[in-house]
Amino acid sequence: NVDQVPLPFASDSPVTLDFEGTKNVWVRQIGSGLDKRQCTLQLCVRPLGRQPVPTLVFRGMTTYSRVYDINVRRREEDEYRKEAQAGGWTLVNVLWQKKAWVDQVVNKLWAENIFGPHLEAEHPEEDTILFCDNLACQVMPEFKDLLDSMNNTRIAGPKGATHLWQPVDQNIGAYYHRYMMDRYDDWMLSGEASRFSEDTLSVSHRRKLLMKWCG
C-alpha cells in the first residue's frame, strides 16, 4: 500500500504552555492550509518482510535540467548520507517537486528508482498488487504500464473508501506524523534549537531535521 502524508515543521500539541510574561514562545503550529506543508512523506508498506524505505518529497523544481539546482541538491543529499552514517539513523529517499507534491513526474521517479529496486531485491519472481489512491498521477496509463513491467504489478483500490481499507491512510501515516512531531518537540527543548530564531533556521537545516526524524 502506498499513500502520501503531508508534513509540516511543527508541534503536534494543540496547547502551548509557558511562563507569564514570556515574549517568545518557541512553538510553531500547523495552520489551516497546505501552504504550511514543509514536505510530503510517501509511505509504501507491505504486510510481511523488509519494508520499503520511506520517501520525502521536498520543495524544489520538478525539472532536472538546471545544473546549479542539481549540484546544490547533490551536496545536500551527500550531507544526509554522512549524518545518517554518523548518527545511525536510516537514510530516507529524497525526491523534489516545486510544491512538495507527488505529481506524475515524481511518481514515475519513485516507481523507477525506489519501488522497482525494492521489488527486485525482495521478491523478484512474485506478482504484485499495489493498493493506492485514485490520484491523477496513479491512474495514468503510463504509470500503469511502468508498474506492469515490474513483477506484473497491478493497481487496486476502490474509489471513495481509502480511509477504510488503506493501512497508510488509516493509521500508519498518522503514527509517522505523531512520532515525527514528538521529535520536533524534543528538538525544541534541546540546546541546538536555542541557537536559532525563525530567521536563522534555514530551509536546508529543516529538511535535514525532517530527514533525521523520519529515518
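To the nearest 20 debye, what is the magnitude of the charge dipole of region 47-178 about its Cα centre, counting +1 on the Cβ of each Lys and Arg and -1 on the Cβ of each Asp and Glu?
The calculated dipole for region 47-178 is roughly 600 debye.
List the aspartates and glutamates whose Cα lies under 18 Å from the Cα of Lys98, skipping any in the same chain that are fewer than 8 positions away.
Asp35, Asp69, Glu76, Glu77
In nm, what is the difference between 0.36 nm times the number of residues separating Ser194 and Asp18 and their Cα-Cα distance?
61.8 nm
Can you run phi through the Karplus equation (6.51, -1.76, 1.60; θ = phi - 60°) for region 151-167 and list ³J(HN,Hα) in whole Hz, with x for Gly and Pro?
6, 6, 5, 10, 8, 9, x, x, 6, x, 9, 5, 5, 9, 10, 8, x
In Å², and per residue, what accessible area does region 79-208 have when probed at 1.4 Å with the other protein chains present?
On a per-residue basis, region 79-208 sits at 58 Å².
Tell me which aspartates and glutamates have Cα within less than 16 Å of Lys108's Cα, excluding those fewer than 8 residues away on the same chain?
Straight-distance partners of Lys108: Asp3, Asp133, Glu142, Asp145, Asp148.
Could you state how much accessible area Met188 has, in square angstrom rounded to the nearest 10, with a 1.4 Å probe and all protein chains kept in place?
Surface accessible to solvent at Met188 totals approximately 40 Å².
Counting only residues 5 or more places away or on other chains, whose amide H sits under 5 Å from the amide H of Lys99 once H atoms are built in the peptide plane?
Gly60
Cross-link candidates for Lys159: which lysines have Cα within less than 18 Å, leaving aside residues fewer than 8 places away along the same chain?
Lys144
For region 208-215, take each phi angle, set θ = phi - 60°, evaluate the Karplus expression 6.51 cos²θ - 1.76 cosθ + 1.60, and give the result in whole Hz per residue in order, putting x for glycine and proline.
With the stated coefficients, region 208-215 comes to 4, 5, 4, 4, 5, 5, 5, x Hz.
Express the carbon and sulfur contribution to the solvent-accessible surface of the chain as a percent, rounded to the nearest whole number, probe 1.4 angstrom.
53
Have a look at Phe9, Cys132, Phe143 and report the one farthest towards the positive end of the charge dipole of the chain, computed about the Cα centre with Cβ charges (Lys/Arg +1, Asp/Glu -1).
Checking the options against the dipole of the chain, the answer is Phe9.
Any idea which of Gly60, Asn113, Thr90 is furthest toward the positive side of the dipole for region 47-150, if Lys and Arg beta-carbons carry +1 and Asp and Glu beta-carbons -1?
Comparing the listed Cα positions along the dipole, Gly60 ranks first.
Between Asn134 and Arg154, what's the calculated FRET efficiency when r is the beta-carbon distance and R0 is 22 Å? Round to 0.05.
Rounded to the nearest 0.05, the efficiency is 0.95.
The values are calculated or read from the model by the stated rules, or taken from the named source; none is laboratory data. The model shown is predicted, which means the values in this text are computed figures rather than measured ones. For neighbour counting, all protein chains shown are included, and Cβ atoms are generated from backbone atoms with ideal geometry for every residue, glycine included. Areas reflect the complete protein model, heavy atoms only, side chains present, ligands, DNA and RNA absent. Shrake-Rupley method; radii C 1.70, N 1.55, O 1.52, S 1.80 Å.
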